[in-house]
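Read the structure below first, then the notes.
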Amino acid sequence: MKKEIFLSLLGTTFLCAADLQLSAISVESTTLTDVAQNAQTSADVAQALSDSIPGVDMIRRSGIANDVLIRGQKRDNITVEVDGTRTYGACVNRMDPPVSHVVANQIESIKVIEGPYDVTSFGTLSGGLKITTKKPLKGFHANIDFGYGSWNYKKYGATISGGTQRVRMLVTASKESSDQYRDGNGNTFAQQLDKFILTNPGIAGTAYKPEYKDMQAYEKKSAMAKAFIQTFEEQELRLSVTANRSDNVLYPNSKMDADYDDSNIYSLVYNIDNITNNYKNINFEYYYSNVDHPMSTYYRTVSGAASLNSITNHLQTSMRGAKLKNSFKMNGYRLLVGLDTSKRTWDGSYYKTITQLPLPAGDSKSIRNAVTKNMALFSELSKSYGAFNVTLGARYDDSSVKDELSEKRSYHSLGANIMTSYNFSKENKIFFGFGQAYRLPDARELYFISKTGAVIGTPTLNQTKNQELDLGYETQQDLFDLKAKLFYSKLSDYIYIQKNITTHAFRNIDAYIYGGEITASLYMGDNITLDMGVAYKQGKKDAPLPSQTGRNLADMAPLRANIAFNYEYMNNSIFKVELLASKRWDRIDAENGEQVIAGWGIVNTKIKHTFNRHINITLGVNNLLNKTYVRNNTYADLTLITQGGTSDIMLMNEPGRYYYTNLNFKF
């Protein structure tokens with residue numbers, strides 16, 4: 001007992017996760033496994049997720065660094081953790097979302113949380129991603145990848161891992177690049193923009209200059225190193241560092257492009273197992289991450305001769321945090337108790353790209369060195385009563401936000417949830433969850449300043465509260481598996497932006513979202529499987545925004561479905577053909593930037609052939625029929641190209657027919 005108390009006090013003193021495989025699904029989450037092996041078309045995690053889980057959608061911004069929505073929720077309404085660390089994007093216009101700071105070939109698994117059911121993470125309002133990267137192994141292991149695709153896509157990656165029981169190490173690195181993809185009409189990024197300008201001549205300055213119309217879409221380099229050291233029996237020190245470098249990333253339907261996007265993630269974990277019969281684990285983690293992101297008009301005609309008029313918005317953010325988790329098991333109860341603390345900084349400046357001189361006085365800052373602090377206590381208790389399982393969770397947060405010119409705003413919240421399941425037979429299970437969670441307004445929503453000096457942020461925003469109910473049914477039979485889920489989410493003080501408001505554009509509103517997902521697998525013999533999924537959601541404001549009449553909530557993608565035929569024609573060799581489809585998107589928030597988008601359906605196919613346990617090759621075609629289609633809408637939360645007023649906002653077409661191959665060597 002004395003040992004337990006000492007270790008807890010010691011920790012307190014330190015504090016003052018394409019086609020992916022689905023593993024077992026719980027009430028609140030879905031886990032994707034073997035991500036690195038199966039996400040082969042690019043390093044983009046958002047696309048891998050949206051192609052695999054019906055309830056996850058993608059926001060297309062470029063050829064890479066795209067964003068995710070979980071049940072229509074994005075930005076700070078969902079959380080992203082990589083091996084327990086938190087990284088925030090620096091861009092106010094979401095060019096570098098958190099999922100872009102880890103690449104698919106580094107990932108082992110992704111747990112997708114649906115709903116307010118994670119008390120261990122700060123700000124999990126409506127869902128989140130818990131990404132687990134590769135771990136170092138004993139012995140010697142090596143993996144080399146070569147990927148090639150349409151539009152001069154190239155990817156090279158390698159992973160080396162090895163060591164003894166005492167010390168294990170891993171190093172992985174990759175590089176990929178691509179020209180601008182072409183949509184189903186054969187148009188590049190620059191040509192899509194030129195076509196939009198033809199009907200909107202007032203924005204001609206956003207066009208790419210002639211010398212840059214055929215430039216590369218992006219180049220991305222990433223490296224990760226880990227060392228796991230057994231210090232004593234049942235004790236381990238885990239060190240990790242990740243570096244990402246993206247250069248010249250084009251965002252054609254935005255007014256700026258990213259000059260570069262650099263991020264670093266550092267992590268130190270100390271883990272002790274089996275301390276006593278009841279005290280099962282103590283885990284302490286300290287991490288630091290930072291992102292450097294300048295975006296500019298350098299490649300656009302508005303920048304003038306020699307780009308002398310180019311403007312840069314240079315943003316930087318950092319996140320420093322620590323977390324202590326204590327796990328106990330007593331009389332069939334499983335108890336987790338922890339402390340969580342973090343500090344985020346965020347700063348942004350406007351300046352002339354060439355001279356690096358600030359814009360006129362009063363217009364030189366986009367965010368004034370904002371600081372967000374959080375301290376929290378959380379706990380989770382689980383118990384099984386025969387076929388009935390129950391988990392209770394709670395989290396108390398004490399947080400604050402301020403910038404250089406504003407008074408500190410303090411926020412306090414108590415979130416809690418209950419998750420239950422009942423196995424009424426070996427094959428059949430029902431489950432139920434209810435939770436309440438909160439998230440703070442971020443510095444952009446509170447303090448953001450446009451380059452003209454207008455204060456777009458609203459410094460009086462309240463924190464958002466989500467109260468959600470989830471229920472469902474799951475069956476696992478010899479010939480098929482089926483899972484159905486329904487949810488209802490009540491959002492109080494939901495943070496929403498109103499279009500064409502020149503100052504204090506963000507508002508707190510009340511709203512609700514409801515919907516459901518169905519996933520199923522049909523086993524047609526020993527080597528043929530038919531996988532299916534469908535998702536639907538709808539969101540409404542309780543009342544229209546001032547001077548508006550509509551109640552539809554933005555970002556509510558329509559009914560979407562996928563069906564995939566998988567044939568394992570020999571061991572570890574698979575042929576797959578899949579259909580992805582979406583209903584017409586006509587339930588929109590037109591007053592705040594959205595527009596009607598046609599329904600679509602595309603066919604993807606691939607074959608993965610394993611020659612032996614050392615070599616395999618994948619050949620595939622995405623969008624086989626070369627359809628022209630749009631995947632995401634144009635809610636005013638993003639600053640996209642438009643003439644303003646009631647004119648349309650530029651939509652971003654998805655890639656047309658895309659051929660790819662991937663060659664993998666294992667040692």
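Calculated over segment 524-600, the projected area of the Cα convex hull averaged across directions stands at 6.9 nm². A Cα-only calculation for segment 396-500 places Rg and Dmax at 20.7, 64 Å. When every alpha-carbon pair in segment 466-548 is counted, what percent end up more than 14 Å apart? Across segment 466-548, Cα pairs with separations above 14 Å total 72 percent.
The convex hull of the Cα atoms of segment 213-361, projected and averaged over all directions, covers 13.3 nm². The modelled label-to-label distance between residue 377 and residue 396, using points 7 Å beyond Cα along the C-beta direction, is 0.4 nm. Shape class of segment 47-111 from the Cα gyration tensor (axes a ≥ b ≥ c, square roots of the eigenvalues): rounded, since a/c falls below 1.5. Seen from residue 334, the other residues with C-beta closer than 14 Å to its C-beta sum to a net charge of +3, counting Lys and Arg as +1 and Asp and Glu as -1. Rg and Dmax of segment 298-405, based on Cα coordinates, read 24.2, 75 Å. The alpha carbon gyration tensor of the chain gives principal lengths a ≥ b ≥ c with a/c below 1.5, which makes the shape rounded. Distances between placed amide hydrogens fall under 5 Å for residue 260 paired with 248, all partners being 5 or more residues away or on another chain. Could you compute the net charge surrounding residue 268? Neighbours are other residues with a C-beta less than 14 Å from the C-beta of residue 268; K and R count +1, D and E count -1. Overall, the nearby charge balance is +1. Compactness of segment 265-332 was expressed as the Cα radius of gyration divided by 2.2 N^0.38 Å, which yields 2.19. Could you tell me which of 190, 527, 298 has its Cα farthest along the dipole of the chain towards the positive end, charges placed at Cβ (Lys, Arg +1; Asp, Glu -1), taken about the Cα centre? My answer, from the dipole projection, is 298. When the scattering of segment 469-513 is computed by the Debye formula from its Cα atoms alone, each counted once and equally, what is log10 I(q)/I(0) at q = 0.14, 0.16, 0.24 Å⁻¹? Ignoring solvent entirely, the Cα scatterers give -0.56, -0.62, -0.85. For segment 562-573, 3J(HN,Hα) computed residue by residue from phi via the Karplus equation (6.51, -1.76, 1.60; θ = phi - 60°) reads 9, 9, 9, 9, 10, 10, 8, 7, 7, 4, 6, 10 Hz, glycine and proline entered as x. Convex hull volume of the Cα atoms of segment 172-296, normalised per residue: 161 Å³. The stretch between residue 607 and residue 239, if pulled fully straight at 0.36 nm per residue, gains 128.7 nm over its current Cα-Cα span.
If you take all other residues with their beta carbon under 14 Å from the beta carbon of residue 244, and give Lys and Arg +1 and Asp and Glu -1, the sum is -4.
Comparing Cα centroids, segment 450-491 and segment 220-274 end up 27 angstrom apart.
A Förster distance of 41 Å, applied to the separation of the beta-carbon atoms of residue 135 and residue 330, puts the FRET efficiency at 0.90. In order along segment 464-472, the Karplus-derived 3J(HN,Hα) couplings, from 6.51 cos²θ - 1.76 cosθ + 1.60 at θ = phi - 60°, round to 8, 10, 10, 10, 10, 10, 10, 8, x Hz, and Gly and Pro are given as x. The radius of gyration of the Cα set in segment 415-564, together with its Dmax, comes out at 20.7, 65 angstrom. In the calculated pair-distance distribution of segment 227-306, the portion above 18 angstrom amounts to 62 percent of the Cα-Cα pairs. Of interest is the spacing of the C-alpha centroids, which for segment 554-583 and segment 64-124 amounts to 23 Å.
Calculated FRET efficiency, residue 479 to residue 626, Cβ-Cβ distance, R0 = 35 Å: about 0.45 to the nearest 0.05.
Charges were assigned to the Cβ only: +1 to each Lys and Arg, -1 to each Asp and Glu. The resulting dipole of segment 383-518 about its Cα centre is roughly 220 debye.
Is it possible to state the helix-based mean residue ellipticity at 222 nm for the chain, with each DSSP H run of 4+ residues giving -39500 (n - 2.57), the sum divided by total residues, to the nearest 500 deg cm²/dmol? What is it? Intermediate values should be presented prior to the final figure.
Numbers: 5 runs with 40 residues, N = 667.
Calculated mean residue ellipticity at 222 nm is -1500 deg cm²/dmol.
Counting only Cβ charges, +1 for Lys and Arg and -1 for Asp and Glu, the dipole size of segment 271-330 around its Cα centre is about 240 debye. Rounded to the nearest Hz, the phi-derived 3J(HN,Hα) couplings of segment 490-507 under the Karplus curve 6.51 cos²θ - 1.76 cosθ + 1.60 (θ = phi - 60°) are 9, 10, 9, 6, 4, 8, 9, 9, 9, 5, 6, 9, 7, 9, 6, 7, 8, 9, where x marks glycine and proline. In this view, the solvent-accessible surface of residue 270, computed with a 1.4 Å probe and all protein chains in place, comes to about 60 Å².
Once backbone amide H atoms are built at 1.01 Å from N, residue 215 has no partners under 5 Å, excluding neighbours fewer than 5 places away on the same chain. A crude spin-label estimate for the pair residue 204 and residue 320, with each label 7 Å from Cα along the Cβ direction, gives 5.1 nm.
Remark on segment 40-149: ratio of C-alpha radius of gyration to 2.2 N^0.38 Å is 1.10.
Under 20 Å of direct C-alpha separation, and excluding same-chain neighbours fewer than eight residues apart, residue 666 reaches these lysines: 134, 135, 138, 154, 155, 175, 226, 608.
Considering only alpha-carbon pairs that sit under 8 angstrom and 6 or more positions apart, the relative contact order computed for segment 73-171 is 25 percent. Could you give log10 I(q)/I(0) at q = 0.16, 0.18 Å⁻¹ for segment 561-614, computed by the Debye formula over C-alpha point scatterers of equal weight, without solvent? With one equal scatterer per Cα and no solvent, log10 I(q)/I(0) is -0.62, -0.69. In whole angstrom, segment 138-208 maps to an equivalent ellipsoid with semi-axes of 46, 13, 7, each derived as √(5λ) from the alpha carbon gyration tensor and ordered largest first. Near the amide H of residue 626, within less than 5 Å, lie the amide hydrogens of 657, all on another chain or at least 5 residues away, with H placed in the peptide plane. When the alpha carbon gyration tensor of segment 354-440 is reduced to an equivalent ellipsoid, the three semi-axes, largest first, read 48, 16, 9 Å. Taken along the Cα-to-beta-carbon direction at a fixed 7 Å, the label points for residue 663 and residue 268 span 4.3 nm. How large is log10 of I(q)/I(0) for segment 104-182 at q = 0.12, 0.15, 0.20, 0.25 Å⁻¹ when the intensity is taken from the Debye formula with one equal scatterer per alpha-carbon? For segment 104-182 at q = 0.12, 0.15, 0.20, 0.25 Å⁻¹, log10 I(q)/I(0) is -0.58, -0.78, -0.89, -1.03. Calculate the tail of P(r) for segment 599-667: the fraction of all Cα-Cα distances greater than 16 Å, expressed in %. Counting pairs separated by more than 16 Å, the tail of P(r) holds 64 percent.
Here the Kirkwood formula, the inverse mean of 1/r across different C-alpha pairs, assigns segment 516-667 a hydrodynamic radius of 18.4 Å.
Based on C-alpha pairs under 8 angstrom that are at least 6 apart in sequence, segment 557-667 has a relative contact order of 23 percent.
How high is the FRET efficiency from residue 530 to residue 595, r the C-beta distance, R0 51 Å, rounded to 0.05?
Once the sixth-power term is evaluated, E becomes 0.90.
Our compactness index for segment 544-589, the C-alpha radius of gyration over the empirical 2.2 N^0.38 Å, is 2.07.
Among the trypsin sites (Lys or Arg not before Pro) in segment 297-354, none sits in a DSSP loop with a Cβ that has at most 10 other Cβ atoms within 10 Å. Sorting 385, 298, 251 by accessible area puts them as 385, 298, 251; the probe is 1.4 Å, largest comes first, and only protein heavy atoms count.
The values are calculated or read from the model by the stated rules, or taken from the named source; none is laboratory data. Remember, it's a predicted structure, so these values are computed and weren't measured experimentally. Note that each Cβ is placed from the backbone with ideal geometry, even for glycine, and that neighbours are counted across all protein chains shown. All accessible areas refer to the heavy atoms of the entire protein, side chains included, with ligands and DNA or RNA removed. Shrake-Rupley method; radii C 1.70, N 1.55, O 1.52, S 1.80 Å.
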